[in-house]
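J.: Supplied in structure tokens, the structure appears directly below.
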Protein chains: 4
Amino acid sequence: MEKHHSETVIIRMHCPDQRGIVARITDFIYRNNGNIVALDQHTDRDEKRFFMRVEWELDGFSLTKEQISPAFEHSIAIPCKMKWKLNFSEQIPKMALFVSKMSHCLYDLLARHQGGEIKAEIPLVVSNHKDLEDVVKKFGIKFVHIPITAENKVEQEKKELEILKEHNVDFIVLARYMQVLSADFVTHYPERIINIHHSFLPAFVGAKPYHAAHARGVKIIGATSHYVTSELDGGPIIDQGISRISHHDSVDRLIQKGRDIEKIVLSRAVKAHVDRKTLIYKNRTVIFN
Amino acid sequence: MEKHHSETVIIRMHCPDQRGIVARITDFIYRNNGNIVALDQHTDRDEKRFFMRVEWELDGFSLTKEQISPAFEHSIAIPCKMKWKLNFSEQIPKMALFVSKMSHCLYDLLARHQGGEIKAEIPLVVSNHKDLEDVVKKFGIKFVHIPITAENKVEQEKKELEILKEHNVDFIVLARYMQVLSADFVTHYPERIINIHHSFLPAFVGAKPYHAAHARGVKIIGATSHYVTSELDGGPIIDQGISRISHHDSVDRLIQKGRDIEKIVLSRAVKAHVDRKTLIYKNRTVIFN
Amino acid sequence: MEKHHSETVIIRMHCPDQRGIVARITDFIYRNNGNIVALDQHTDRDEKRFFMRVEWELDGFSLTKEQISPAFEHSIAIPCKMKWKLNFSEQIPKMALFVSKMSHCLYDLLARHQGGEIKAEIPLVVSNHKDLEDVVKKFGIKFVHIPITAENKVEQEKKELEILKEHNVDFIVLARYMQVLSADFVTHYPERIINIHHSFLPAFVGAKPYHAAHARGVKIIGATSHYVTSELDGGPIIDQGISRISHHDSVDRLIQKGRDIEKIVLSRAVKAHVDRKTLIYKNRTVIFN
Amino acid sequence: MEKHHSETVIIRMHCPDQRGIVARITDFIYRNNGNIVALDQHTDRDEKRFFMRVEWELDGFSLTKEQISPAFEHSIAIPCKMKWKLNFSEQIPKMALFVSKMSHCLYDLLARHQGGEIKAEIPLVVSNHKDLEDVVKKFGIKFVHIPITAENKVEQEKKELEILKEHNVDFIVLARYMQVLSADFVTHYPERIINIHHSFLPAFVGAKPYHAAHARGVKIIGATSHYVTSELDGGPIIDQGISRISHHDSVDRLIQKGRDIEKIVLSRAVKAHVDRKTLIYKNRTVIFN
């Protein structure tokens, strides 16, 4: 599934569960001579809702790129009351990274990006501090320093939005960016901002979760990647990871052990997003194979 | 997906991957007015092979129980060169447990069985020792003592086979049964004998794996449930589990920690088998959702 | 460390961290000709507090059982401002189980108890429902039915306390007992009531945590064993465990997967308590090797 | 334990288990006015062997740096038949990295090194290919290209040894270096070469372990960091990690998932080695807290 030599079409969809829905979708592809390379579906019995991701080769398909969307819309999506997204594998999304002072998530993302594991472009890295400028430049990426204070937050966020727009950024990754984005900012990138929170959500929302975990005396710590919504650390969870700890682990050791979980969990989430394997419904995610 | 009030039809199948295969199968169900309650498929790109499990409600389906098999065979299975199995959810399989002296897997299976988690009948428990007779009788199950020695193995296995046949046993679970079954015995229950091996296979095949793990100084131990074939500990793996250990763990502690993994992993495998969620292909398993 | 043929002395202690504390304690044992079989210590740098568990053979020790306590008190504990507990390995603690309707934790504890893994006596099992009476009787243990309602709670807890006293119960295990014990009840067994909560605390305190976990869309669920205090699900954590889940897991499946974590985590906690390997300090635990 | 402002003395030792050994060692430190900041010991009952790591502040200690070794040797090590090592926290070890074409372990180590997590110097990176030269130079570290073929291996290893000696290298990390070092090379750095093997040892020794894991159909993959000995993948294990997989994971996906385990496990091992927390005995390791 990893090596598609030809371009593929990816559709993610959800709709009310209904008889014959899989038959209908797969028949649409089959009749148009499409060769499916990946298919994953899920039915939520409680919500009576159907979710699916299907990917097929464009090569040999009897519809052109331009024809697929209207054809699918009319023959499937409208009659099935479907919400859906169409992508082509060669549309490489543009990702902006927001960082602060800690380098571990940044390095992990940049190294994977450079190794070809994360198929996105990174036009720029934004930071409210200058600490990581050298790291970013090492990788030949533009570094934009936008310091944020309580006083200048509104105007600085406006500036950020302008720069993001200018670079046609598709989605944002908060790689241990220590600022809370305003609700207004978030509305510009709905379901398109990914954060890593350094706790096993919903435990320890907000600041200093490792201190809180240590104080509570937990025996396992975690990290959570999620889409950002206006509710602090309350958005749809993409992935989580954990690490077993003991009474020997001071707060400093929790922070250090936590870094390993954070970077892996964030990178997995970014990869799932870039590979168009995520779908959000009612503040929860479906993560396709 | 856990609570089907009406009976369901379950088909597991695999065939050469081919265009339109999902459309063809789901259309068969749709045209006959079937309501799919579970569908999971997998395509192995390297093997160019398609695997699927689909479950739909019998209630309202336009074919009778008797008509389904020939209809599916002719319209789908033969043209698609498919290998497949048909089950109905109300066919409760009969499971025989083989035990020896250790009680942890036996208790775990019997407790789950009694709690309704494992939907099978247990007509009997076979053992080469009498140690667990009381445990078995506590649960109101028939206990059959068949001692095995190097000398009497051939005739005792014959006796076992007779008793199994007499009780219409569908499959066998070796719940820490310390005997190796003969190749001949295994041929009577192909893909229908489940074993738990107390190591992370393929590491530490054979006897005394915890001693071997301790001697090798591993930092993680494991357990493996697998279908039994004529190759010792070499059959298709159903599930595995692990536990982190340290230099503090003596062989005795490994054995103790291992018991917790063994029983969970074996019970998960038995449940997957009973729920008809396993499929074997070329000594590997597909485990459906 | 598992097979002590002779009786051992176990001391657990904590005191302000101070120079020479390990030398002082080990020298006390050495001078009295004690053979240490286990020693584990921990220093909490933030709290400037020292914790230790040491176990040595009584056989050959130059002090008698009766002499140890006053000798240690005067030569070590008082000068070091220590809090400490003395136990002998042959003091088998008496454990009461409180259950309700679910059998998985009960079975797991009883099976381990019977297998010799949990070295405690179980004089009785208390339940507010009769569902598990048969299970308990199967194991030859006394079952006491004490139904609890909002109206009769005060008097029924009084009755429970009387029965516990009558049977010289040392500690209580709430094996999925669905009642909240009153603060008054808890004061009778300080640091001696162990609960299993079916979530990854401090996430999802209180009722129906699996429903809450499902609604929040977490990707990992957990269970937590802890000592009960007057704060609901807020006592010192002994152990935690987790299981990875996905969008395929309905609430029913979470409940089922959760049972496997609950029983393992509760049994590990009970074993640690029985083996005198736990120590509480400021609402956190030290769990010795 | 992470923030020692003053220099510390670290002794790691093992000797036959004997009465009073802890008292003897801690008393030596106490009498010389040492303030212990970390102590961890372990007794292997089967081997009747005692292991210990103790760390105390040099500041205030009544012996000078030069006096410690002979004093400890005469009063403790010789009478106790001890093997031991002395280090001072300010001796920063020199680490050479050997790499080939894959960058993930290299990046992870360099990023941690730069973040101060791995307290070592990296005088050079050696590689048999030029692929990672840019990565290494990005971090301002010397890159030495020493291509290896079957024909030139003996002379090239000689060259490597000369360069290592020239740079006073203390230990070597094979960060996915795809060459097998000769037995002769290994003898120059006994217990001082750390490798990462991309399997859950002892399963899948040798080349292409992910292909072998896929062929065997395992449900969990792993990685193992170990000290290199003359036996291929047979040296003392420092750490292991695992990741759960399914039938959906092709060999390519195993390789990708494996990278995350490899880098974390290797970095943890390197950190344990640099922090002087490892001890080898009979081809197994003790990893201190």
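The values are calculated or read from the model by the stated rules, or taken from the named source; none is laboratory data. In this text the structure is predicted, and so the values were computed from the model without any measurement. Cβ atoms come from the backbone with ideal geometry, glycine included; neighbour counts cover every protein chain shown. Side chains are part of the model used for accessible areas, which takes the heavy atoms of the whole protein and leaves out ligands, DNA and RNA. Shrake-Rupley method; radii C 1.70, N 1.55, O 1.52, S 1.80 Å.
J.: Test each condition in (1) part of a loop (DSSP other than H, G, I, E, B); (2) over 24 Å from D:CYS105 (Cα atoms); (3) over 22 Å from the mean Cα position of the chain (by Cα) for A:GLN156 and report the one that comes out false.
T.: All conditions are met except number (1).
J.: Give the number of residues within the stretch B:203-223 that are farther than 19 Å from D:HIS247 by Cβ, part of a strand (DSSP E or B) and among the small types (Gly, Ala, Ser).
T.: 1
J.: With (1) more than 17 Å from the chain's Cα centre (by Cα); (2) assigned to a loop (DSSP other than H, G, I, E, B) as the list, and B:PRO190 as the residue in question, which single condition is left unmet?
T.: Failing condition for B:PRO190: (1).
J.: Next up: If B:GLY115 passes every condition in (1) open to solvent by less than 10 Å² (accessible area, probe 1.4 Å); (2) modelled with pLDDT under 95 but one, which one does it miss?
T.: Here B:GLY115 clears every test but (1).
J.: If we keep just the residues of the stretch A:224-243 that are more than 8 Å from chain C (Cβ to nearest Cβ) and assigned to a loop (DSSP other than H, G, I, E, B), which is farthest from A:LYS257 (Cα to Cα)?
T.: Looking at the filtered set, the residue picked out is A:SER230.
J.: Tell me which residues, restricted to the stretch D:125-140, are open to solvent by 20 Å² or more (accessible area, probe 1.4 Å) and touching a residue at least 24 places away in the same chain (Cβ under 8 Å).
T.: Answer for the stretch D:125-140, where residues must be open to solvent by 20 Å² or more (accessible area, probe 1.4 Å) and touching a residue at least 24 places away in the same chain (Cβ under 8 Å): D:HIS129, D:ASP131, D:PHE139.
J.: Residues in the stretch C:160-179: is at least one open to solvent by 60 Å² or more (accessible area, probe 1.4 Å) and hydroxyl-bearing (Ser, Thr, Tyr)?
T.: Within the stretch C:160-179, not a single residue is open to solvent by 60 Å² or more (accessible area, probe 1.4 Å) and hydroxyl-bearing (Ser, Thr, Tyr).
J.: Given B:ALA215, B:ALA272, which one is open to solvent by 10 Å² or more (accessible area, probe 1.4 Å) and facing chain D (nearest Cβ under 10 Å)?
T.: Sole residue among the options that is open to solvent by 10 Å² or more (accessible area, probe 1.4 Å) and facing chain D (nearest Cβ under 10 Å): B:ALA215.
J.: Still on this structure: Just checking, how many residues over the stretch B:4-31 are closer than 13 Å to A:GLY20 by Cβ and crowded, with 21+ Cβ neighbours inside 10 Å?
T.: Final tally of qualifying residues: 5.
J.: Restricting attention to the stretch B:84-102, does a residue exist that is closer than 30 Å to B:LYS165 by Cβ, facing another protein chain (nearest Cβ under 10 Å) and touching a helix residue (DSSP H, G or I) at 6+ places or on another chain (Cβ under 9 Å)?
T.: The answer is yes; a qualifying residue exists.
J.: Hey, another quick one. Enumerate the strands (runs of 3 or more DSSP E) found wholly within the stretch D:57-145, keeping only those where 2 or more residues are within 13 Å of D:VAL173 (Cβ to Cβ).
T.: So the answer is D:94-99, D:121-127.
J.: A further question on this structure: With the checklist (1) out of contact with any Asp or Glu (no Cβ under 9 Å at 6 or more places or on another chain); (2) open to solvent by 50 Å² or more (accessible area, probe 1.4 Å) in hand, flag the one item D:LYS101 doesn't pass.
T.: So D:LYS101 meets the others, but not (1).
J.: Name every residue in the stretch B:244-269 that is in a helix (DSSP H, G or I), under 19 Å from D:PHE200 (Cβ atoms) and away from chain C (no Cβ under 11 Å), in order of residue number.
T.: Result: B:GLY258, B:GLU262.
J.: Could you please give the count of residues in the stretch B:121-146 that are within 23 Å of the chain's Cα centre (by Cα) and among the charged types (D, E, K, R)?
T.: 2
J.: Return the residues of the stretch D:14-70 that are of a type in the set (Lys, Arg), within 10 Å of another protein chain (Cβ to nearest Cβ) and touching a Phe, Trp or Tyr at 6+ places or on another chain (Cβ under 9 Å); say none if nothing qualifies.
T.: Across the stretch D:14-70, the qualifying residues are D:ARG19, D:ARG24.
J.: Something else about it: Being buried (at least 18 other Cβ atoms within 10 Å of the Cβ) and β-branched (Val, Ile, Thr) is true for just one of D:ILE92, D:ILE78, D:ILE122, D:ILE146. Which residue is that?
T.: Exactly one of D:ILE92, D:ILE78, D:ILE122, D:ILE146 is buried (at least 18 other Cβ atoms within 10 Å of the Cβ) and β-branched (Val, Ile, Thr), namely D:ILE122.
J.: Take D:PHE200 and decide whether it is on the phi > 0 side of the Ramachandran plot, within 8 Å of chain B (Cβ to nearest Cβ), in contact with a helix residue (DSSP H, G or I) (Cβ under 9 Å, 6 or more places away or on another chain) and assigned to a loop (DSSP other than H, G, I, E, B).
T.: The answer is no for D:PHE200.
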